[in-house]
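Down below is the structure, laid out as structure tokens.
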Amino acid sequence: MISTFTAPNGATYEAKSANPTDDVLARRLKKGIYRYEDDELYKRCSRCKDYWPADTEFFYQVKGDDGLNQWCKACYQEWRYPNGRKAEKHENKEICA
Ligand SMILES: [Zn+2]
């Protein structure tokens, strides 16, 4: 499962997909961490609980049993840069659904 992506600046790169062992894959499909949809493997971010394509376009590459971070890139960025340009300070505890 190797796909090539074209960035807005025209550069192309290969997105590496998760490469779990059959054992790990079976366990995680059962747990709901992975799921198959339209023949694509999706991985659930353990922070936002959303499913994203299990490749390096959506997850940072790490050393591990499937090669991808547990958190999606967006969550990682949010955690790493809590006061980033897009992040708002959580002074207002009101939750908008
Ligand atoms: Zn996330």
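Every number in this text was worked out from the coordinates using simple rules, so none of it is lab data. Since we're looking at a predicted model, the values are computed, not measured. So basically every Cβ, Gly included, is an ideal-geometry build from the backbone, and we count neighbours across all protein chains shown.
Couple of notes before you dig in:
- Residue pairs meeting the criteria (Cβ under 8 Å; at least 6 apart or on separate chains; first more than 12 Å from ALA54 (Cβ to Cβ), in segment 16-40; second of a type in the set (Lys, Arg)): GLY32/ARG44
- Only residues that are in a loop (DSSP other than H, G, I, E, B), crowded, with 19+ Cβ neighbours inside 10 Å, of a type outside the set (Asp, Glu) and in contact (Cβ under 8 Å) with a residue 24 or more places away in the chain were counted in segment 44-79, giving 3.
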